[in-house]
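*Asks:* Mind having a look at this structure? Questions to follow.
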Amino acid sequence: MNGKPHYLEIVTHDVDSLCTFYTRTAELQFNGPDGDLGGARVAELPGGSLLGVRAPLRNDEGPLWRIYLRVDDLDTAVGVARDAGAEIAVERMSLGGGHGDIAIVLHGGVEHGFWQTG
């Protein structure tokens with residue numbers, strides 16, 4: 001694992017307002033909705049990480065921040081997390097558009113993501 005943040009995800013009921021906020025306060029430039037990322041509008045952060053802002057995809061998904069760490073081997077990262085006591089919330093899932101694969105684990109009451117790029 002290299003542990004570098006690859007993708008910071010914000011789930012909100014007001015995507016446009018939050019993108020405008022970050023455009024004005026942090027001078028970020030957001031793309032249009034990316035269907036392969038749940039309709040997220042994405043901006044590149046200094047250092048190359050990405051910030052995605054999207055609406056909830058499920059009725060029970062509330063506003064949240066989730067960080068996805070870049071990993072070289074997703075299956076190993078999930079196994080290490082499981083061994084450390086994490087619950088697997090989302091097993092390995094391939095994203096479209098050449099984005100790669102992700103998994104989400106729960107530990108300490110917090111959602112953590114791992115992302116293996118193409």
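The values are calculated or read from the model by the stated rules, or taken from the named source; none is laboratory data. No experiment lies behind these values; they were computed from the predicted model shown. Because the Cβ atoms are built from the backbone with ideal geometry, glycine has one as well, and the counts that use them run over all protein chains shown. With ligands, DNA and RNA removed, areas are computed over all heavy atoms of the protein, side chains included. Shrake-Rupley method; radii C 1.70, N 1.55, O 1.52, S 1.80 Å.
*Asks:* Mind counting the residues in segment 53-90 that are assigned to a strand (DSSP E or B), open to solvent by 100 Å² or more (accessible area, probe 1.4 Å) and either modelled with pLDDT under 95 or among the polar types (S, T, N, Q) (or both)?
*Replies:* First, pick out the residues of segment 53-90 that are assigned to a strand (DSSP E or B): 53-54, 64-70, 87-90.
From what's left, open to solvent by 100 Å² or more (accessible area, probe 1.4 Å): 65, 87.
From what is left, the residues that are either modelled with pLDDT under 95 or among the polar types (S, T, N, Q) (or both) are 65.
So the answer is 1.
*Asks:* So, one more: What is the residue count in segment 69-98 for residues that are in contact with a Gly (Cβ under 7 Å, 6 or more places away or on another chain) and under 10 Å from Thr117 (Cα atoms)?
*Replies:* Looking only at that region, the number is 1.
*Asks:* Follow-up. Just to verify a result, which residue in segment 17-41, among those that are part of a strand (DSSP E or B) and not acidic (Asp, Glu), is farthest from Ile102 (Cα to Cα)?
*Replies:* Across segment 17-41, the extreme among qualifying residues is Arg41.
*Asks:* Can you give me the number of residues within segment 16-52 that are among the aliphatic types (A, V, I, L, M) and open to solvent by 30 Å² or more (accessible area, probe 1.4 Å)?
*Replies:* Just the residues of segment 16-52 that are among the aliphatic types (A, V, I, L, M), to begin with: 18, 26, 28, 37, 40, 42-43, 45, 50-51.
With the extra rule that they be open to solvent by 30 Å² or more (accessible area, probe 1.4 Å), the set shrinks to 18, 26, 45, 50.
Here the count works out to 4.
*Asks:* Tally up the residues in segment 1-15 that are open to solvent by less than 50 Å² (accessible area, probe 1.4 Å), in a loop (DSSP other than H, G, I, E, B) and touching a residue at least 60 places away in the same chain (Cβ under 8 Å), please.
*Replies:* 1
*Asks:* Select from segment 91-118 the residues that are assigned to a strand (DSSP E or B) and of a type in the set (Gly, Ala, Ser) and write down the one among them that is surrounded by the fewest Cβ atoms within 10 Å (Cβ to Cβ). Please lay out each step first, then the result.
*Replies:* Narrowing segment 91-118 to residues assigned to a strand (DSSP E or B): 91-95, 100-107, 110-116.
Now drop any that are not of a type in the set (Gly, Ala, Ser), which leaves 94, 100, 103, 113.
Working: Ser94: 11, Gly100: 17, Ala103: 22, Gly113: 21.
Across segment 91-118, the extreme among qualifying residues is Ser94.
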